[in-house]
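Structure record follows, encoded as C-alpha coordinates.
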Amino acid sequence: MEAQDSTAVHQVSLQSKIRALKDSDSYPDSVVVSEIRWKETHMAWVALTDHHAWKMKKPTRTRSLDFSTLEARREDCRQELRLNRRLAPDVYLDVVPLARNENGDLRLEDEGTVVEWVVKMRRLAEDRMLDARIRRGETRREEVDRLAELLSGFYTGAEPEPVTPEAYRSKLRRSLEECHDELLRPVFAMERDRVVPLIRKLLDFVQRKPELFDHRVLAGRVVEAHGDLRPEHVCLEDPPVVIDCLEFDRSLRILDAASDLSFLALECERLGSPWVGERIFEQYEERTGDRIPGSLLAFYRAQHCCLRAQVALWHLDDEEAEDREHWRTRAEEYLEAAHG
(Lines give C-alpha, C1' and ligand atoms only; values in the text may rest on other atoms or scores of the structure.)
Protein backbone atom coordinates (compact mmCIF):
# COMPACT_ATOMS: atom_id res chain seq x y z
CA MET A 1 0.00 0.00 0.00
CA GLU A 2 1.39 3.39 -0.93
CA ALA A 3 2.37 5.91 1.70
CA GLN A 4 -0.18 8.66 1.84
CA ASP A 5 0.52 11.72 -0.25
CA SER A 6 -0.73 14.79 1.62
CA THR A 7 -1.61 16.63 -1.58
CA ALA A 8 -3.52 13.65 -2.96
CA VAL A 9 -5.38 13.19 0.31
CA HIS A 10 -6.28 16.86 0.39
CA GLN A 11 -7.71 16.60 -3.11
CA VAL A 12 -10.18 13.91 -2.03
CA SER A 13 -13.12 15.80 -0.63
CA LEU A 14 -15.05 14.77 2.43
CA GLN A 15 -18.15 14.35 0.29
CA SER A 16 -16.25 11.94 -1.98
CA LYS A 17 -15.36 9.80 1.03
CA ILE A 18 -18.96 9.81 2.22
CA ARG A 19 -20.20 8.86 -1.26
CA ALA A 20 -17.70 5.99 -1.32
CA LEU A 21 -19.05 4.54 1.94
CA LYS A 22 -22.57 4.79 0.56
CA ASP A 23 -21.58 2.98 -2.66
CA SER A 24 -21.65 -0.85 -2.62
CA ASP A 25 -18.86 -0.92 -5.23
CA SER A 26 -16.47 0.56 -2.66
CA TYR A 27 -16.53 -2.52 -0.44
CA PRO A 28 -14.28 -5.60 -0.61
CA ASP A 29 -15.58 -8.50 -2.68
CA SER A 30 -15.72 -10.64 0.48
CA VAL A 31 -18.26 -8.31 2.13
CA VAL A 32 -21.98 -8.86 1.56
CA VAL A 33 -23.64 -5.57 0.61
CA SER A 34 -27.27 -6.07 -0.34
CA GLU A 35 -28.05 -2.64 1.11
CA ILE A 36 -26.27 0.10 3.05
CA ARG A 37 -27.82 1.86 6.00
CA TRP A 38 -26.32 5.17 7.03
CA LYS A 39 -26.03 6.66 10.50
CA GLU A 40 -24.51 9.91 11.67
CA THR A 41 -23.33 10.61 15.22
CA HIS A 42 -21.84 13.72 16.76
CA MET A 43 -18.31 12.61 15.84
CA ALA A 44 -18.58 9.99 13.08
CA TRP A 45 -20.48 8.47 10.18
CA VAL A 46 -21.34 4.77 10.24
CA ALA A 47 -22.21 2.66 7.20
CA LEU A 48 -24.06 -0.57 7.96
CA THR A 49 -23.70 -3.42 5.48
CA ASP A 50 -25.25 -6.86 5.92
CA HIS A 51 -22.79 -8.16 8.51
CA HIS A 52 -20.47 -5.24 9.26
CA ALA A 53 -20.38 -1.65 10.49
CA TRP A 54 -17.83 0.80 9.07
CA LYS A 55 -17.10 3.88 11.16
CA MET A 56 -15.42 6.95 9.69
CA LYS A 57 -14.39 9.79 12.00
CA LYS A 58 -15.44 13.34 11.27
CA PRO A 59 -12.54 15.79 10.81
CA THR A 60 -13.72 17.59 13.93
CA ARG A 61 -11.69 20.25 15.70
CA THR A 62 -12.85 21.67 19.03
CA ARG A 63 -11.29 23.10 22.15
CA SER A 64 -10.82 19.61 23.57
CA LEU A 65 -9.88 17.49 20.52
CA ASP A 66 -8.40 17.76 17.06
CA PHE A 67 -9.26 15.21 14.37
CA SER A 68 -8.43 17.58 11.52
CA THR A 69 -5.52 15.46 10.23
CA LEU A 70 -5.59 11.98 8.72
CA GLU A 71 -2.95 10.74 11.16
CA ALA A 72 -4.95 11.98 14.17
CA ARG A 73 -8.02 10.14 12.94
CA ARG A 74 -5.96 6.99 12.34
CA GLU A 75 -4.61 7.11 15.89
CA ASP A 76 -8.09 7.57 17.32
CA CYS A 77 -9.31 4.58 15.29
CA ARG A 78 -6.49 2.51 16.78
CA GLN A 79 -7.42 3.64 20.29
CA GLU A 80 -11.07 2.79 19.65
CA LEU A 81 -10.11 -0.69 18.53
CA ARG A 82 -7.82 -1.34 21.51
CA LEU A 83 -10.10 0.04 24.20
CA ASN A 84 -13.36 -1.45 22.97
CA ARG A 85 -11.89 -4.92 22.70
CA ARG A 86 -11.92 -4.92 26.51
CA LEU A 87 -15.71 -5.35 26.57
CA ALA A 88 -16.43 -6.40 22.97
CA PRO A 89 -13.42 -8.46 21.85
CA ASP A 90 -15.04 -10.06 18.80
CA VAL A 91 -16.89 -6.93 17.62
CA TYR A 92 -13.99 -4.61 16.82
CA LEU A 93 -12.27 -6.32 13.91
CA ASP A 94 -9.70 -3.94 12.42
CA VAL A 95 -8.73 -0.45 11.32
CA VAL A 96 -8.83 -0.48 7.52
CA PRO A 97 -7.91 2.01 4.81
CA LEU A 98 -10.15 3.78 2.37
CA ALA A 99 -7.74 4.02 -0.54
CA ARG A 100 -7.69 5.55 -4.01
CA ASN A 101 -6.51 2.80 -6.32
CA GLU A 102 -4.67 3.09 -9.63
CA ASN A 103 -7.99 3.55 -11.44
CA GLY A 104 -8.83 6.55 -9.27
CA ASP A 105 -11.62 4.68 -7.42
CA LEU A 106 -12.08 4.88 -3.66
CA ARG A 107 -12.31 1.41 -2.12
CA LEU A 108 -12.10 -0.03 1.37
CA GLU A 109 -9.28 -2.45 2.18
CA ASP A 110 -7.70 -1.83 -1.23
CA GLU A 111 -4.18 -1.03 -2.42
CA GLY A 112 -3.39 2.56 -3.29
CA THR A 113 -3.10 5.95 -1.63
CA VAL A 114 -4.80 5.99 1.75
CA VAL A 115 -7.27 8.88 1.98
CA GLU A 116 -9.07 7.85 5.19
CA TRP A 117 -9.03 5.26 8.00
CA VAL A 118 -12.15 3.37 9.04
CA VAL A 119 -12.99 1.15 12.02
CA LYS A 120 -14.40 -2.18 10.80
CA MET A 121 -16.83 -3.85 13.20
CA ARG A 122 -19.10 -6.84 13.35
CA ARG A 123 -22.65 -5.57 12.97
CA LEU A 124 -24.79 -6.11 16.07
CA ALA A 125 -28.48 -7.00 16.07
CA GLU A 126 -30.35 -3.75 16.71
CA ASP A 127 -33.24 -5.51 18.39
CA ARG A 128 -30.85 -6.86 21.04
CA MET A 129 -29.51 -3.47 22.10
CA LEU A 130 -30.47 -2.66 25.68
CA ASP A 131 -32.26 0.59 24.82
CA ALA A 132 -34.40 -1.21 22.22
CA ARG A 133 -35.15 -4.00 24.69
CA ILE A 134 -36.25 -1.48 27.33
CA ARG A 135 -38.48 0.45 24.92
CA ARG A 136 -40.25 -2.77 23.93
CA GLY A 137 -40.52 -3.96 27.52
CA GLU A 138 -38.57 -7.12 26.68
CA THR A 139 -35.58 -6.85 29.02
CA ARG A 140 -35.10 -10.12 30.89
CA ARG A 141 -33.54 -10.52 34.31
CA GLU A 142 -31.11 -13.22 33.19
CA GLU A 143 -29.78 -10.92 30.44
CA VAL A 144 -29.24 -8.11 32.93
CA ASP A 145 -27.46 -10.52 35.26
CA ARG A 146 -25.08 -11.58 32.47
CA LEU A 147 -24.36 -7.90 31.80
CA ALA A 148 -23.69 -7.31 35.50
CA GLU A 149 -21.29 -10.27 35.50
CA LEU A 150 -19.41 -8.83 32.52
CA LEU A 151 -19.13 -5.36 34.07
CA SER A 152 -18.20 -6.65 37.51
CA GLY A 153 -15.35 -8.65 36.02
CA PHE A 154 -14.27 -5.64 33.97
CA TYR A 155 -13.96 -3.31 36.96
CA THR A 156 -12.36 -5.83 39.31
CA GLY A 157 -9.89 -6.84 36.62
CA ALA A 158 -8.85 -3.26 35.85
CA GLU A 159 -5.69 -1.86 37.39
CA PRO A 160 -6.40 0.83 40.02
CA GLU A 161 -5.33 4.23 38.78
CA PRO A 162 -2.28 5.70 40.57
CA VAL A 163 -4.17 8.82 41.63
CA THR A 164 -4.14 10.36 45.08
CA PRO A 165 -7.38 11.06 46.96
CA GLU A 166 -6.64 14.78 46.79
CA ALA A 167 -6.08 14.66 43.03
CA TYR A 168 -9.30 12.72 42.49
CA ARG A 169 -11.36 15.22 44.47
CA SER A 170 -9.65 18.05 42.64
CA LYS A 171 -10.60 16.46 39.32
CA LEU A 172 -14.25 16.22 40.39
CA ARG A 173 -14.31 19.86 41.46
CA ARG A 174 -12.66 20.96 38.22
CA SER A 175 -15.17 19.00 36.16
CA LEU A 176 -18.10 20.57 38.01
CA GLU A 177 -16.66 24.07 37.66
CA GLU A 178 -16.13 23.58 33.92
CA CYS A 179 -19.67 22.24 33.61
CA HIS A 180 -20.97 25.33 35.44
CA ASP A 181 -19.19 27.62 32.98
CA GLU A 182 -20.38 25.66 29.94
CA LEU A 183 -24.02 25.52 31.02
CA LEU A 184 -24.03 29.27 31.59
CA ARG A 185 -22.55 30.25 28.24
CA PRO A 186 -24.79 33.11 27.02
CA VAL A 187 -25.49 31.37 23.69
CA PHE A 188 -27.32 28.57 25.53
CA ALA A 189 -29.58 30.95 27.46
CA MET A 190 -29.99 28.61 30.44
CA GLU A 191 -31.52 30.00 33.63
CA ARG A 192 -28.88 30.68 36.28
CA ASP A 193 -31.25 29.56 39.02
CA ARG A 194 -31.36 26.11 37.40
CA VAL A 195 -27.58 25.79 37.28
CA VAL A 196 -25.80 27.74 40.02
CA PRO A 197 -27.46 26.24 43.15
CA LEU A 198 -27.13 22.73 41.74
CA ILE A 199 -23.41 22.96 40.97
CA ARG A 200 -22.82 24.70 44.29
CA LYS A 201 -24.55 21.86 46.13
CA LEU A 202 -22.43 19.24 44.37
CA LEU A 203 -19.20 21.14 45.05
CA ASP A 204 -20.25 21.49 48.67
CA PHE A 205 -20.79 17.73 48.90
CA VAL A 206 -17.23 17.07 47.72
CA GLN A 207 -15.97 19.55 50.31
CA ARG A 208 -18.04 18.16 53.21
CA LYS A 209 -17.63 14.44 52.48
CA PRO A 210 -14.02 13.94 51.37
CA GLU A 211 -13.83 10.59 53.14
CA LEU A 212 -16.39 9.08 50.72
CA PHE A 213 -14.22 9.85 47.71
CA ASP A 214 -10.92 9.10 49.45
CA HIS A 215 -12.15 5.64 50.37
CA ARG A 216 -12.99 4.88 46.73
CA VAL A 217 -9.48 5.80 45.64
CA LEU A 218 -7.74 3.92 48.44
CA ALA A 219 -9.89 0.84 47.80
CA GLY A 220 -8.74 0.75 44.17
CA ARG A 221 -12.18 1.53 42.72
CA VAL A 222 -10.97 4.37 40.46
CA VAL A 223 -9.94 2.73 37.19
CA GLU A 224 -9.76 3.28 33.44
CA ALA A 225 -13.46 2.68 32.87
CA HIS A 226 -15.79 2.83 29.85
CA GLY A 227 -16.71 6.50 30.13
CA ASP A 228 -19.91 6.45 28.06
CA LEU A 229 -21.89 3.54 29.48
CA ARG A 230 -25.35 3.96 27.94
CA PRO A 231 -28.08 1.43 27.07
CA GLU A 232 -27.58 2.05 23.33
CA HIS A 233 -23.98 0.84 23.76
CA VAL A 234 -25.00 -2.49 25.32
CA CYS A 235 -25.93 -5.50 23.19
CA LEU A 236 -27.63 -8.32 25.08
CA GLU A 237 -26.06 -11.16 23.17
CA ASP A 238 -24.96 -14.25 25.05
CA PRO A 239 -22.46 -13.28 26.26
CA PRO A 240 -23.27 -9.55 26.17
CA VAL A 241 -20.95 -6.94 24.68
CA VAL A 242 -20.47 -3.24 25.40
CA ILE A 243 -19.26 -0.93 22.62
CA ASP A 244 -18.39 2.72 21.97
CA CYS A 245 -16.32 3.63 25.02
CA LEU A 246 -15.06 7.18 25.30
CA GLU A 247 -11.80 6.70 23.42
CA PHE A 248 -10.55 10.17 22.57
CA ASP A 249 -9.60 11.43 26.06
CA ARG A 250 -8.17 9.06 28.64
CA SER A 251 -8.71 11.49 31.52
CA LEU A 252 -12.48 11.25 30.94
CA ARG A 253 -12.29 7.45 31.32
CA ILE A 254 -10.60 7.64 34.72
CA LEU A 255 -13.67 7.04 36.87
CA ASP A 256 -14.92 5.38 39.99
CA ALA A 257 -16.61 2.14 38.92
CA ALA A 258 -19.65 3.37 40.85
CA SER A 259 -19.71 6.51 38.69
CA ASP A 260 -19.54 4.53 35.44
CA LEU A 261 -22.39 2.29 36.58
CA SER A 262 -24.40 5.26 37.84
CA PHE A 263 -24.50 6.66 34.32
CA LEU A 264 -25.92 3.41 32.96
CA ALA A 265 -28.49 3.30 35.78
CA LEU A 266 -29.50 6.91 35.09
CA GLU A 267 -30.07 6.27 31.39
CA CYS A 268 -32.05 3.07 32.04
CA GLU A 269 -34.24 5.02 34.46
CA ARG A 270 -34.80 7.75 31.87
CA LEU A 271 -35.99 5.09 29.44
CA GLY A 272 -38.49 3.87 32.02
CA SER A 273 -36.72 0.85 33.54
CA PRO A 274 -35.05 1.86 36.82
CA TRP A 275 -35.01 -1.80 37.87
CA VAL A 276 -32.26 -2.54 35.34
CA GLY A 277 -29.77 -0.22 37.04
CA GLU A 278 -30.88 -1.37 40.47
CA ARG A 279 -30.36 -5.01 39.51
CA ILE A 280 -26.92 -4.30 38.06
CA PHE A 281 -25.83 -2.58 41.27
CA GLU A 282 -27.20 -5.46 43.36
CA GLN A 283 -25.27 -7.98 41.28
CA TYR A 284 -22.14 -5.82 41.21
CA GLU A 285 -22.09 -5.49 44.99
CA GLU A 286 -22.73 -9.19 45.45
CA ARG A 287 -19.99 -10.22 43.03
CA THR A 288 -17.36 -7.70 44.15
CA GLY A 289 -18.16 -7.04 47.80
CA ASP A 290 -18.04 -3.32 46.98
CA ARG A 291 -20.72 -1.65 49.15
CA ILE A 292 -21.40 1.83 47.77
CA PRO A 293 -22.99 4.48 50.02
CA GLY A 294 -26.32 5.75 48.71
CA SER A 295 -25.26 9.38 49.12
CA LEU A 296 -22.27 8.78 46.85
CA LEU A 297 -24.47 7.20 44.19
CA ALA A 298 -26.82 10.20 44.41
CA PHE A 299 -23.85 12.53 43.89
CA TYR A 300 -22.61 10.62 40.84
CA ARG A 301 -26.11 10.51 39.40
CA ALA A 302 -26.53 14.28 39.70
CA GLN A 303 -23.05 14.87 38.32
CA HIS A 304 -23.85 12.78 35.24
CA CYS A 305 -27.09 14.70 34.75
CA CYS A 306 -25.10 17.93 34.63
CA LEU A 307 -22.54 16.50 32.22
CA ARG A 308 -25.25 15.13 29.92
CA ALA A 309 -27.00 18.50 29.94
CA GLN A 310 -23.70 20.04 28.86
CA VAL A 311 -23.26 17.51 26.04
CA ALA A 312 -26.83 18.15 24.86
CA LEU A 313 -26.17 21.88 24.67
CA TRP A 314 -22.95 21.36 22.74
CA HIS A 315 -25.10 20.27 19.80
CA LEU A 316 -26.17 23.92 19.55
CA ASP A 317 -22.58 24.86 18.69
CA ASP A 318 -23.14 23.15 15.36
CA GLU A 319 -24.73 25.78 13.12
CA GLU A 320 -26.17 23.02 10.93
CA ALA A 321 -27.67 21.08 13.84
CA GLU A 322 -31.27 20.12 13.29
CA ASP A 323 -34.01 20.21 15.92
CA ARG A 324 -32.17 22.68 18.14
CA GLU A 325 -35.12 22.94 20.50
CA HIS A 326 -34.88 19.19 21.07
CA TRP A 327 -31.36 19.53 22.48
CA ARG A 328 -32.28 22.49 24.68
CA THR A 329 -35.22 20.52 26.07
CA ARG A 330 -32.99 17.50 26.62
CA ALA A 331 -30.57 19.64 28.65
CA GLU A 332 -33.41 21.00 30.76
CA GLU A 333 -34.67 17.48 31.42
CA TYR A 334 -31.27 16.38 32.68
CA LEU A 335 -31.05 19.38 34.99
CA GLU A 336 -34.51 18.62 36.31
CA ALA A 337 -33.42 15.03 36.98
CA ALA A 338 -30.32 16.30 38.79
CA HIS A 339 -32.43 18.48 41.07
CA GLY A 340 -34.65 15.50 41.78
task: For every helix of n ≥ 4 consecutive DSSP H residues, a contribution of -39,500 (n - 2.57) applies; sum these over the chain, divide by its total residues, and give [θ] at 222 nm rounded to the nearest 500 deg cm²/dmol.
output: -15500 deg cm²/dmol
statement: Computed over region 1-127, the relative contact order (Cα-Cα under 8 Å, seq sep at least six) in percent reads 28 percent
- request: Of all alpha-carbon pairs in region 57-117, indicate the percentage at a distance above 20 angstrom.
  value: 38 percent
- request: Mind jotting down the distance between the C-alpha centroids of region 201-218 and region 23-46, whole Å?
  value: 46 Å
- prompt: Taking 0.36 nm per intervening residue step and subtracting the Cα-Cα distance, what contour gain separates residue 159 from residue 178 on full extension?
  reply: 4.1 nm
- prompt: Which net charge results for the neighbourhood of residue 12, defined as the other residues with beta-carbon distances under 10 angstrom from its beta-carbon, given Lys and Arg at +1 and Asp and Glu at -1?
  reply: +1
- line: Among (i) 20.2, 62; (ii) 24.4, 108; (iii) 21.3, 67, the value of Rg and Dmax of the Cα atoms in Å computed for this structure carries the label (iii)
task: For the chain, report the accessible area per residue in Å² (1.4 Å probe, heavy atoms, rounded to an integer).
output: 49 Å²
Rg over Rh, two decimals, region 155-311 (C-alpha only, Kirkwood Rh): 0.96
task: Could you look at the chain and say what percent of its accessible area is carbon and sulfur, using a 1.4 Å probe and all protein chains?
output: 46 percent
message: Only four residue types carry charge here, +1 at the Cβ of Lys and Arg and -1 at the Cβ of Asp and Glu. Report the dipole size of region 164-285 about the Cα centre in Debye, rounded to the nearest 20.
response: 640 debye
- prompt: By how many degrees, between 0 and 90 and to the nearest 10, does the Cα long axis of helix 257-270 differ from the longest principal axis of the chain?
  reply: 80 degrees
- request: Evaluate the distance, in nm, between pseudo-label points positioned 7 Å from the Cα of residue 63 and of residue 295 along their respective Cα→Cβ axes.
  value: 3.3 nm
- prompt: Of 51, 101, 41, which is farthest on the positive side of the dipole of region 1-109, counting Cα position, with +1 on Lys and Arg Cβ, -1 on Asp and Glu Cβ, and the Cα centre as origin?
  reply: 41
statement: Quick calc, residue 282 & residue 78: beta-carbon distance into FRET formula, R0 45 Å, rounding 0.05, result 0.75
- request: Name the shape class, rounded, prolate or oblate, that the alpha-carbon gyration tensor gives for region 36-91, where a ≥ b ≥ c are the square roots of its eigenvalues, rounded holds for a/c under 1.5, and otherwise prolate holds if a/b is larger than b/c and oblate otherwise.
  value: oblate
message: With the cut-off at 1.5 for a/c, could you classify region 53-173 from its C-alpha gyration tensor as rounded, prolate or oblate?
response: oblate
message: As an exercise, use a Förster radius of 35 Å and the Cβ-Cβ distance of residue 23 and residue 326 to find the FRET efficiency, rounded to the nearest 0.05.
response: 0.65
query: So how far, in whole Å, is the C-alpha centre of region 323-340 from the one of region 47-89?
result: 28 Å
Count of lysine pairs in the chain with Cα separation under 29 Å (8 or more residues apart, or interchain): 22
field: Heavy atoms of residue 326 accessible to a 1.4 Å probe, total area in Å² rounded to 10
entry: 70 Å²
- prompt: Could you sort 58, 171, 39 by accessible area so the largest value comes first, with the probe set to 1.4 Å?
  reply: 39, 171, 58
field: Spin-label model distance (nm) - residue 102 vs residue 187, 7 Å beyond Cα toward Cβ
entry: 4.8 nm
query: In what order, largest first, do 14, 21 sit by accessible area if the probe radius is 1.4 Å?
result: 14, 21
233, 339, reordered so the largest accessible area comes first (probe 1.4 Å): 339, 233
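The values are calculated or read from the model by the stated rules, or taken from the named source; none is laboratory data. Predicted, not measured: the structure shown is a model, and the values here were computed from it. Ideal geometry is used to build each Cβ from the backbone, glycine not excepted, and the neighbour counts take in all protein chains shown. All accessible areas refer to the heavy atoms of the entire protein, side chains included, with ligands and DNA or RNA removed. Shrake-Rupley method; radii C 1.70, N 1.55, O 1.52, S 1.80 Å.
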